[in-house]
Amino acid sequence: MTEPSPIAPAPGDIARAAEIIRAGRLVAMPTETVYGLAGDALSDAAVAKIYEVKARPQFNPLIAHVSGPAMAGRFAALTPLAEALMAAFWPGPLTLVLPRRADSGLSNILTAGLDTVALRAPDNAHAQALIAETDRPLAAPSANPSGAVSPTLPDHVRAGLGESVDFILDGGPCRIGVESTIIQIDGTDAILLRPGGLARADIERVVGAPLKLPQAGAAPAAPGMLKSHYAPGVALRLNRRKAEPGEAFLGFGSTDDFNAVISANLSQSGDVREAAANLFTCLRSLDMACAKAGVETLAVAPVPDEGLGEAINDRLQRAAAPRQ
Ligand code: TXA
Ligand code: MG
């Protein structure tokens, strides 16, 4: 697959999207990770609409998208560690969970009653233009029904949410293809809540120490991290070098299984970045093909846990987990 050509935002589209946001309604917005379902993060009504359209459990808080560190400082207390991570990786696929400022003005539904807030500056011209035009933080979970595979193309948004989204800003395919890495800043600790589009090793270089993990047994630290998530209809069997008779196959690198009835490859050359960008599109197209052909199981080749491989394996494990 070649690098997707970025589509420049049309001023008319940004103006129209901004008007919809200001009116408290919702816009599907491209980011470098996945498409988000965006609404005004200062408005309870807009945020409530996001939960309603996604049919998302109310205890699961949302990310607020900002232009950069200065705007982040209006809503959260920034520590030196948070500032160092922002300087290194923003705009980009890194979400920081920080103490929420008492005077933030953010919707309380956005943070689901927590005293922290998740903030991210997206590396995407459409998203940045929309934030600038509205001068508001934009609440945006992935633009899919809760529990379904995240959208990386406008067509995915249309297929999942249909008429319930007022406008889709078309930014073409998402460059990274998996959601942002989420790090909670707790004093001088950096805690990995969700592996994602920024590799753990890159973050650890800036933190200067291994990332901590959320305490075992505690309530899910990123409440959206339910075990079964990103769920296609077909059942997944992970770490398979080939398909059993009657199974479909999702390959990685040279593991193509030409005997499989239906197959795709995340990256022929074994590149984890390319695999991340292709992951959700491959899962969607294989899921549809399997449903049509009456194939019930998809065997998936092993993906190395390095770089973005950690996020890919996290999403595959959730897609394979028994439905809750
Ligand atoms: O790449 C992304 O992060 C995409 C694009 C659209 O920016 N957004 C995204 O949002 O994946 P969403 O809502 O699907 O995932 C947000 C995650 C959830 O798992 C949620 O529980 C967690 O962030 N989260 C939000 N606020 C939090 C907080 N205060 N503390 C802990 N986790 C939080
Ligand atoms: Mg999501």
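Points worth noting:
- Using a Gaussian network model of the chain in which every pair of alpha carbons under 10 angstrom is joined by a spring, one finds that among Thr188, Thr255, Thr79 the greatest mean-square fluctuation is at Thr188.
- Here the extension length gained between Asp202 and Ala132 equals 22.4 nm, from 0.36 nm per residue of separation less the Cα-Cα distance.
- Computed extension gain for Asp305 through Ala77, at 0.36 nm per residue and net of the alpha carbon distance, reaches 78.8 nm.
- Relative contact order of the stretch 98-215, defined on C-alpha pairs under 8 angstrom at six or more residues apart (%): 15 percent
- Cα long-axis angle, helix 272-293 against the chain (0 to 90 degrees, to the nearest 10): 60 degrees
- Sorting 115-122, 50-57 by average packing, meaning the other beta carbons within 10 Å per residue, from highest down gives 115-122, 50-57.
- Value of relative contact order over the chain, rounded to a whole percent, pairs C-alpha under 8 Å and six or more apart: 19 percent
- Most positive-pole-ward Cα, Gly251, Ala140, Ala45, against dipole of the chain from beta carbon charges: Ala45
- Shown in residue order for the stretch 198-204 are the 3J(HN,Hα) couplings computed by the Karplus curve 6.51 cos²θ - 1.76 cosθ + 1.60 at θ = phi - 60°: 10, 5, 3, 4, 5, 5, 5 Hz (x for Gly and Pro).
- Dipole check for the chain: with +1 at the C-beta of Lys and Arg, -1 at the C-beta of Asp and Glu, and the Cα centre as origin, the magnitude is about 560 Debye.
A short reminder: the numbers here are calculations on the coordinates, not readings from a lab. What you see is a predicted model, and the numbers here were worked out from it, not measured in a lab. Every residue, glycine as well, gets a Cβ built from its backbone with ideal geometry; the counts of neighbours run over all protein chains shown.
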